[in-house]
Amino acid sequence: MFAEPIYAQHDSIPAVAKDSLHIQGDLKIKKDGINLNAPAKAAFYSAILPGLGQAYNKQYWKIPIVYGAIGAGVYFYAKNNDNYLRYRTAYFNRKQGLPDEFPQYTSDVLIQAQKFYKRNRDLSVMATVFLYILNIVEANVSAHLKQWNADDNLSLEPTQIPMQNSTAFGLKLNIEILK
């Protein structure tokens, strides 16, 4: 009743869907003016170069945010790595009897500082990778949302729902179907 068998020799696209589906070239499929490959393309562009997917979506104002976020992660990685190497070098110099950069600290403090900056360096790498992936996901979701139908025929409005002894508040969905 609800399923239609599909055979290899028959066209699998129903006649009704063929009217609104347009195949252009090898990969471009459009349905009622919507490019179905746009979200994947935006994600691919953002994976190649952060911010390129946002430029593809024509949301240029997001590009400085993307580079600021990823740049902050890279900055904190470099800063924590430098401090880690400074304390590590000082500890190894002290073990070999050479003068070090931090004579006021004990060896235990130098070990704790190494652990602190190494942990922060590793967290900075994870944060940068997370922000890079978030850039890709944001470009994909944004491209999907650009294709969202947001005209006046579809609305969601707050409403009062009369009840027996009180009034409740809720949302009412209005859908106008034009012929």
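The values are calculated or read from the model by the stated rules, or taken from the named source; none is laboratory data. Since the model is a prediction, treat every value here as computed from it, not as a measurement. Neighbour counts are summed over all protein chains in view; Cβ atoms, including those assigned to glycine, are modelled from backbone coordinates with ideal geometry.
In region 34-75, what count of residues is obtained for those that are crowded, with 17+ Cβ neighbours inside 10 Å and under 30 Å from ALA113 (Cα atoms)?
3
For ALA78, state whether it is of a type in the set (A, V, I, L, M), within 30 Å of PRO50 (Cβ to Cβ) and exposed (fewer than 13 other Cβ atoms within 10 Å of the Cβ).
It is true that ALA78 is of a type in the set (A, V, I, L, M), within 30 Å of PRO50 (Cβ to Cβ) and exposed (fewer than 13 other Cβ atoms within 10 Å of the Cβ).
So which of ASN174, ASN120 is among the polar types (S, T, N, Q), surrounded by 10 or more Cβ atoms within 10 Å (Cβ to Cβ) and at pLDDT 90 or above?
Values: ASN174 fails: at pLDDT 90 or above.
Step by step, each of ASN174, ASN120 is checked, and only ASN120 is among the polar types (S, T, N, Q), surrounded by 10 or more Cβ atoms within 10 Å (Cβ to Cβ) and at pLDDT 90 or above.
Select, from LEU145, LEU154, the only residue that is exposed (fewer than 12 other Cβ atoms within 10 Å of the Cβ), of a type in the set (A, V, I, L, M) and modelled with pLDDT under 95. Quick ask: steps written out before the conclusion?
Details: LEU154 fails: exposed (fewer than 12 other Cβ atoms within 10 Å of the Cβ).
Within the list LEU145, LEU154, the selection yields LEU145.
Would it be correct to say that ASN135 is of a type outside the set (A, V, I, L, M, F, W, C), surrounded by 12 or more Cβ atoms within 10 Å (Cβ to Cβ) and touching a residue at least 40 places away in the same chain (Cβ under 8 Å)?
Numbers: of a type outside the set (A, V, I, L, M, F, W, C): yes; surrounded by 12 or more Cβ atoms within 10 Å (Cβ to Cβ): yes; touching a residue at least 40 places away in the same chain (Cβ under 8 Å): yes.
Yes; evaluated as a whole, the condition is true for this residue.
Quick check on region 72-95. Is at least one of its residues within 18 Å of LEU131 (Cβ to Cβ), touching a Ser or Thr at 6+ places or on another chain (Cβ under 8 Å), of a type in the set (S, T, N, Q) and at pLDDT 95 or above?
Yes; the residues of region 72-95 include at least one that is within 18 Å of LEU131 (Cβ to Cβ), touching a Ser or Thr at 6+ places or on another chain (Cβ under 8 Å), of a type in the set (S, T, N, Q) and at pLDDT 95 or above.
Take the residues in region 90-122 that are of a type in the set (Phe, Trp, Tyr) and within 38 Å of the chain's Cα centre (by Cα), then tell me which one is farthest from GLY73 (Cα to Cα). Walk me through it before giving the result.
From region 90-122, those of a type in the set (Phe, Trp, Tyr) are 91-92, 102, 105, 116-117; that's our starting set.
When the remaining residues are screened for being within 38 Å of the chain's Cα centre (by Cα), the result is 116-117.
Values: PHE116: 17, TYR117: 14 Å.
Only one residue tops the list, namely PHE116.
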